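The values are calculated or read from the model by the stated rules, or taken from the named source; none is laboratory data. Please read all numbers here as calculations on a predicted model, not as lab measurements. Heads up, the Cβs are rebuilt from the backbone with ideal geometry, glycines too, and the neighbour counts pull from every protein chain shown. The protein model used for the area step is the full one, side chains on, heavy atoms only, and it has no ligands, DNA or RNA in it. Shrake-Rupley method; radii C 1.70, N 1.55, O 1.52, S 1.80 Å.
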Amino acid sequence: MENLLEIRRELHKIPEIGFQEEKTQKYLLAIIEKLWKPYIQIDVWRTGIIVTIKGSDPQFKVGWRTDIDGLPIQENTGVSYESEHQGFMHACGHDFHMTIALGLVQAFSKKQPENTVIIYFQPAEEGPGGAKPMLEWLRSERPDLVPDAIFALHIAPEYPVGTIATRAGMLFANTSELFIDLKGFGGHAAYPHNTRDMTVAAANLMIQLQTIVSRNINPLDSAVVTIGKMTSGTVQNIIAENARLEGTIRTMSAESMKLIKKRIKALCRATEIAYECEVTIDYGSSYYQVENETHCAHALLDFAERFPGVDAYECPPAMTGEDFGFFLKELPGAMFWTGANTAYGLHHSAIQPDEDLIAVNLQFVEHFLRIFTLSE
Ligand SMILES: CC(=O)N[C@@H](CCC[C@H](N)C(=O)O)C(=O)O
């Protein structure tokens, strides 16, 4: 357990997607169980884990949340501890987030905190979203495990190690997944007039979707409509009967999300008429914005300003999504970016966050959770 670097690399080898984190859960549990003390309680929820470290003189319960899932990306880093799961990778830093959370369990098992600390190893952040159902379960089945305030971090490739960046109010955007299925009529490539070609229909729809942000959203507002995956057809000489667009929507407000969905509906309807096909829309899962509570965000920034080896930065909001927003919708708390100093961005197959961030963040978060108070 002492070697957190080794643990991070072991976790890096076994990325699993949302609610399939069985190996990850087993690995984490094996370590957590070794750290058990009479004042530590371990609970399991689906593929997640909740570790409660009872305080020596508890006035309240402070929560720390880490996400535990990986992404369906083929790794391209060339490191010796590359993912052993073909086509999957920890490309969003959750291996780092988990390692820091394990380090916290270790630190609190060595020295009991005064207040109760609850550490949530939460599945499925990348999708379909584990925070909402986890919190619903806590509220209905285990209200004793609901914290009074909660915090979390996320690695930020663009900042140097030691940067703690956050702000009061919105840190991350509202998100909604987007799946559009087009059904036409396939046939021989040499007889297009007898078909309804869904490759052409989907290509046009994809371009039109890009006009929503540029033509319908107020330029002083911000929004994103990204199509990350487009599929159609079977082979080169058959006209495609089906096509599918998969993407995500990001907005700064619930109103803009509504407007974008209205425009998507209109453009899909227009595609049906123009290409004589059927278009269906599915919005998959959506995440509420990450809205940092003012006292908690300021407590983090003030503490970072005083903590040796870290730099506080009051940063602008980002269009990233995070289901931690569901925790912050109901509980006071805050999330922060932590510098990872890597040339490649989140969700890139070559991302290699700087491992020095583990030690810096472990120290910072441990001390912050020990001194944090709910009052001003
Ligand atoms: C931190 C991060 O990268 N989060 C993801 C959250 C995904 C939300 C959902 N699956 C969607 O695509 O809308 C992100 O892509 O921002």
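Where strands (runs of 3 or more DSSP E) fall wholly inside the stretch 1-80, the ranges with 1 or more residues that are surrounded by 23 or more Cβ atoms within 10 Å (Cβ to Cβ) are 48-53, 61-67.
Condition first: β-branched (V, I, T), at pLDDT 95 or above and away from the ligand (no atom under 16 Å from the Cβ). Can you find one or more residues in the stretch 314-331 that meet it? No. Checking E278, E255 one by one, the residue that is more than 16 Å from the ligand (Cβ to nearest atom), in the same structural domain as S222 (by TED's automatic domain parsing), of a type outside the set (K, R) and without any contact (Cβ under 8 Å) to a residue 24 or more places away in the chain is E255 and no other. I'm checking my understanding of the structure. Among residues of the stretch 243-283 that are hydroxyl-bearing (S, T, Y) and over 21 Å from S222 (Cβ atoms), which one is most open to solvent (accessible area, probe 1.4 Å)? Across the stretch 243-283, the extreme among qualifying residues is T280.
Quick grid of which residues meet (1) at pLDDT below 95; (2) over 15 Å from T66 (Cβ atoms); (3) in a loop (DSSP other than H, G, I, E, B):
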| position | (1), (2), (3) |
| --- | --- |
| E114 | no, yes, yes |
| F121 | no, no, no |
| G127 | yes, yes, yes |
| M134 | no, no, no |
| P147 | no, no, yes |
| F151 | no, no, no |
| H154 | no, no, no |
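Among (1) surrounded by 19 or more Cβ atoms within 10 Å (Cβ to Cβ); (2) out of contact with any strand residue (DSSP E or B) (no Cβ under 9 Å at 6 or more places or on another chain); (3) of a type in the set (G, A, S), where does G345 come up short? That leaves (1) as the condition not met.
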